[in-house]
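Quick notes on the structure that follows.
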Protein chains: 4
Amino acid sequence: MERKMDIAALEAFIAKDFPQVGDDFAIHTSSDDVLTIRLKVTEKHLRPGGTVSGPAMFALADVAIYLAILERIGPVALAVTTNCSIDFMRKPAANTDLLAEARILKLGRVLAVGDVLIFSEGSTKPVARASLTYSIPPEHGVK
Amino acid sequence: MERKMDIAALEAFIAKDFPQVGDDFAIHTSSDDVLTIRLKVTEKHLRPGGTVSGPAMFALADVAIYLAILERIGPVALAVTTNCSIDFMRKPAANTDLLAEARILKLGRVLAVGDVLIFSEGSTKPVARASLTYSIPPEHGVK
Amino acid sequence: MERKMDIAALEAFIAKDFPQVGDDFAIHTSSDDVLTIRLKVTEKHLRPGGTVSGPAMFALADVAIYLAILERIGPVALAVTTNCSIDFMRKPAANTDLLAEARILKLGRVLAVGDVLIFSEGSTKPVARASLTYSIPPEHGVK
Amino acid sequence: MERKMDIAALEAFIAKDFPQVGDDFAIHTSSDDVLTIRLKVTEKHLRPGGTVSGPAMFALADVAIYLAILERIGPVALAVTTNCSIDFMRKPAANTDLLAEARILKLGRVLAVGDVLIFSEGSTKPVARASLTYSIPPEHGVK
């Protein structure tokens with residue numbers, strides 16, 4: 001896979017493009033196929049009982065695929081989510097960061113599709129899975 | 001439709017059960033089939049450009065179906081989202097509240113399924129649609 | 001809603017475009033917002049016990065949205081499904097035709113989104129709901 | 001992973017349980033995490049142009065997860081699909097068998113969730129991805 005942005009460039013982009021939530025996320029690792037994003041869990045992400053909320057997991061999945069797309073096509077602020085299907089499978093561990101593994105399955109002319117698995121850090125059983133479709137400005141898609 | 005909770009009871013429940021986000025939402029109307037929930041849009045829900053973020057719309061859809069289920073089965077804090085599929089179709093109007101119309105399609109023994117349409121207030125074209133499945137504690141489901 | 005094809009034109013299109021399955025479907029009614037398609041249930045659609053199979057319901061939802069799009073944009077054979085999320089909620093009645101009510105929620109430049117409710121004929125409780133996204137050749141989309 | 005059924009038992013089950021379509025499918029391989037199912041593509045699965053139809057790919061994804069669940073819990077005819085979200089990403093190769101790789105992500109007390117990637121045989125780029133939820137009779141689920 002050719003990369004248009006490295007980890008430092010992705011982190012700078014997210015800090016600038018998501019000023020209200022950029023601090024919540026960090027790039028954990030980038031391998032050939034998988035970009036792993038950390039949600040730094042704090043009070044605002046929790047529901048009573050200490051478990052991470054559904055919207056916080058959705059936001060993590062959404063950001064993870066967005067960054068995995070940007071890694072391949074460069075800093076295109078106009079890519080937008082058109083669809084997400086998410087399954088909540090297990091209760092996250094209390095007060096534990098989440099890690100989202102994002103894989104891009106298709107990067108086309110106008111649509112990109114990716115899959116995400118979300119884990120409580122230190123666990124091998126996913127708490128959620130999601131698939132997302134992004135619409136890409138035509139001039140930035142892959143012919 | 002028989003109701004187990006009226007609007008005042010639902011608003012009291014959400015204030016208590018979602019202390020961190022309860023102020024963001026209000027019951028707009030409840031008719032026989034449709035419960036309409038308002039997202040009181042503030043700075044924290046916005047992306048650059050003034051448009052409401054995807055996670056904020058997801059949270060609105062999730063709360064709307066949750067309350068529509070509680071309206072029918074009573075204050076059962078243990079109902080949990082198991083799946084959501086959401087389509088983002090149009091850019092929301094800038095700095096405008098969102099209204100989510102929630103309809104329950106199935107209320108079974110262990111699963112409930114509902115549909116949501118989200119509009120910018122004053123517009124008739126939906127900005128998003130979502131379908132959600134909730135898992136219900138067996139003793140509270142409908143036989 | 002402006003219509004580019006009437007019921008007779010849609011039925012002729014499906015007979016020609018889907019030679020292997022066209023006989024399975026018929027246009028039931030077309031109102032301003034809703035196109036209703038009938039699946040003429042026969043032996044090949046059934047699972048043991050006489051209930052209609054999941055793939056047969058998927059096919060019905062897919063055809064219903066396809067025809068509802070064509071009704072608005074004309075006979076464009078190149079529209080293709082990109083995503084479907086379907087919930088199976090109740091067991092269909094045995095040996096009974098299914099009716100699918102299709103509504104188009106967005107008809108954009110390159111994507112169309114629609115919702116489908118499927119009923120066993122004579123029942124008011126939906127057996128399935130689905131949402132579908134179609135990719136439309138750009139020259140045929142709505143600006 | 002403990003297996004309750006081997007490949008021969010799964011093939012016997014499908015022949016008996018799906019008399020109308022059992023001949024369309026074959027178990028390709030079973031590894032620790034992945035069960036791979038073949039769709040033996042014939043005329044009835046094709047759309048004009050020789051490409052495999054959407055409903056045929058849906059049926060393949062549905063059968064693949066069903067068999068992956070049975071491999072783990074044994075021959076339980078009453079497991080039923082409750083949700084499927086499927087993305088069609090590329091046009092399948094003409095007149096070529098499809099292979100579906102099914103992974104079970106959760107096997108719970110009443111729900112099982114799995115992911116499927118579908119490939120044209122001989123290609124490494126997926127033509128479709130799907131996630132499915134099955135409802136399991138409580139006495140057969142995993143405590």
Problem set entry | Cα centroid separation, the stretch D:21-37 to the stretch C:80-143 (Å) | 29 Å
For this session: Give me the angle, in degrees from 0 to 90, between the Cα long axis of helix D:54-73 and the longest principal axis of the Cα atoms of chain D, rounded to the nearest 10.
Result: 30 degrees
Seminar exercise, completed: Whole-percent tail of the Cα-Cα distance distribution for the protein assembly as shown, cut at 36 Å, equals 31 percent
Problem set entry | Net charge of Cβ neighbours under 14 Å - reference C:Thr82; Lys, Arg +1; Asp, Glu -1 | +3
For this session: Within the set of other residues whose C-beta is less than 14 Å from the C-beta of D:Lys91, count the net charge using Lys and Arg as +1 and Asp and Glu as -1.
Result: +4
For this session: Take the stretch C:41-143, drop everything but the C-alpha atoms, weight them equally and run the Debye formula without solvent; then report log10 I(q)/I(0) at 0.17, 0.21, 0.24 Å⁻¹ to two decimals.
Result: -0.73, -0.98, -1.16
Seminar exercise, completed: Output for the stretch C:1-72: trypsin sites (Lys or Arg not before Pro) sitting in coil per DSSP, at most 11 other Cβ within 10 Å, listed by number, reads C:Lys40
For this session: Would you mind checking which residues have amide H under 5 Å from A:Lys106's amide H? H placed 1.01 Å from N; only 5 or more apart, or other chain.
Result: A:Val113
Problem set entry | Neighbour-limited loop hits for GluC sites (Glu not before Pro), the stretch B:1-108 (at most 13 other Cβ within 10 Å; DSSP other than H, G, I, E, B) | B:Glu2
Exercise. Mean separation of Cα pairs under 8 Å and 6+ residues apart, divided by the residue count of chain D: what relative contact order is that in percent?
Worked result: 24 percent
Exercise. If the viscosity is 0.692 mPa s and the temperature 37 °C, what translational diffusion coefficient in µm²/s does Stokes-Einstein give for the stretch C:59-111 when Rh comes from Kirkwood over Cα pairs?
Worked result: 253 µm²/s
Exercise. Dividing the alpha-carbon radius of gyration of the stretch A:1-74 by 2.2 N^0.38 Å (N being the number of residues), what value is obtained?
Worked result: 1.15
Exercise. Roughly what angle does helix D:7-17 make with the longest principal axis of chain D, taking Cα atoms, 0 to 90 degrees, to the nearest 10?
Worked result: 80 degrees
Exercise. Excluding same-chain residues fewer than 8 positions from C:Lys16, which lysines have a Cα within less than 24 Å of its Cα?
Worked result: C:Lys4, C:Lys40, C:Lys44, D:Lys44, D:Lys91
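Throughout, read-outs are computed from the coordinates displayed, never taken from laboratory work. Note that the structure is a prediction, hence the values are computed from the model and not measured. When we count neighbours, we look across all protein chains shown, and the Cβ atoms used for this are built from the backbone with ideal geometry, even at glycine.
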